[in-house]
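Before any comments, here is the structure.
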Amino acid sequence: MAKSGQARVPTPAQQRHLFQVIQQHRHPEKNTAIMQISFKLGLRAQEIALLQVKEVARLNTRGDNFQLLEVMSLPAAYTKGADAMKRSKSRYRRRTVSFDIEAFNQLIRQVEAMAKAGAKINPADFYPPVKKHKGSSRDLPLVDPDLREALEQYLIVRIEKQRSLKPSDPLFITQKGGPYSPNTLQEHMALMLRGWAGIEKASSHSGRRSVITNVIHKQKKSVKVAQKIAGHVNPSTTLIYEEPPEEQISDALKSL
């Protein structure tokens with residue numbers, strides 16, 4: 001069974017309801033495009049926050065017209081890369097460290113020598129370097145008609161308001177006109193899902209879980225396909241989604 005605390009996978013009816021209630025709030029074009037990307041491409045909230053116009057559309061020389069691309073090429077820097085464009089305010093707090101035996105023995109000898117010399121010992125000076133997520137680039141075809149329509153309508157509204165766009169402009173901007181931070185976009189997506197649509201336990205990760213669960217359980221595609229869409233470096237991460245979705249569990253319980 002899925003781990004407690006995982007984002008809920010909304011049913012098709014709940015997804016339809018979400019897109020209906022979005023129309024009742026401000027900025028429906030932008031919010032529809034954000035959630036379409038989440039539910040049709042499975043991007044993480046921080047990846048959506050980092051998207052630039054050039055990832056989804058080719059602008060003309062004046063920047064006042066565009067043509068949607070056939071494929072979104074997501075740079076490796078975006079994958080788990082909230083700091084890629086210095087938009088994340090979160091700070092990593094280390095809670096555990098690990099050493100192999102040889103490194104640990106060497107460390108003890110070093111601490112012993114420093115203690116004998118009367119030097120000040122700061123534990124943090126001996127922590128091994130943090131392994132950084134390298135991420136991986138991925139190409140995601142923009143084939144879903146609802147997704148394409150949402151992007152098209154949103155870019156039309158953006159150009160009407162700003163008169164022109166640059167390829168490097170952030171795809172989604174806040175009411176103040178600046179780019180979303182990953183944390184702010186996560187909160188906004190959760191508001192749409194839980195606050196507006198009333199989907200319990202939903203979060204900004206719900207669309208991503210929905211895509212991968214659909215690919216594995218409904219379309220019966222291989223884990224390799226799901227892994228490529230998700231951008232997981234390790235297939236074991238994708239295998240988590242082989243757990244039966246809540247919808248299947250509910251159907252089973254109804255049949256008892």
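For the reader, a short list of remarks on this structure follows.
- Cβ-Cβ FRET estimate between ARG163 and ARG58, R0 fixed at 22 Å, reported to 0.05: 0.75
- Check: the chain dipole with +1 on Lys, Arg Cβ and -1 on Asp, Glu Cβ, in debye: 660 debye
- Evaluated at q = 0.18 Å⁻¹, a Debye calculation over the C-alpha positions of region 146-256 (equal weights, vacuum) places log10 I(q)/I(0) at -1.12.
- Share of alpha-carbon pairs per 5 Å distance bin for the chain, given as whole %: 1, 5, 11, 14, 16, 14, 11, 7, 6, 5, 4, 3, 2, 1, 0
- In terms of its C-alpha gyration tensor, region 1-57 has an oblate overall shape, because the principal axis ratio a/c (a ≥ b ≥ c, square roots of the eigenvalues) is not below 1.5 and a/b does not outweigh b/c.
- In the chain, helical runs assigned H by DSSP with n ≥ 4 each contribute -39500 (n - 2.57); averaged across all residues and rounded to the nearest 500, the mean residue ellipticity at 222 nm is -12000 deg cm²/dmol.
- Compared with the dominant Cα axis of the chain, that is its longest principal axis, helix 101-116 is turned about 60°.
- Rounded percent of accessible protein surface that carbon and sulfur make up, the chain, 1.4 Å probe: 51 percent
- Paramagnetic reach from ILE173 (point 7 Å along Cα→Cβ, amide N under 20 Å) across region 180-196: 180-186, 188-189
- Residue-normalised accessible area of the chain, given per residue in Å² at a 1.4 Å probe: 61 Å²
- For region 112-209: rounded, prolate or oblate by the Cα gyration tensor [a/c cutoff 1.5]: prolate
- When exposed loop sites are taken as GluC sites (Glu not before Pro) in a DSSP loop with at most 15 other Cβ atoms within 10 Å, the longest stretch of the chain clear of them is 71-199.
The values are calculated or read from the model by the stated rules, or taken from the named source; none is laboratory data. No experiment lies behind these values; they were computed from the predicted model shown. Virtual Cβ from ideal backbone geometry, glycine too; neighbours counted across all protein chains shown. Note: accessible area is taken over every heavy atom of the protein model, side chains too, but ligands, DNA and RNA are not part of it. Shrake-Rupley method; radii C 1.70, N 1.55, O 1.52, S 1.80 Å.
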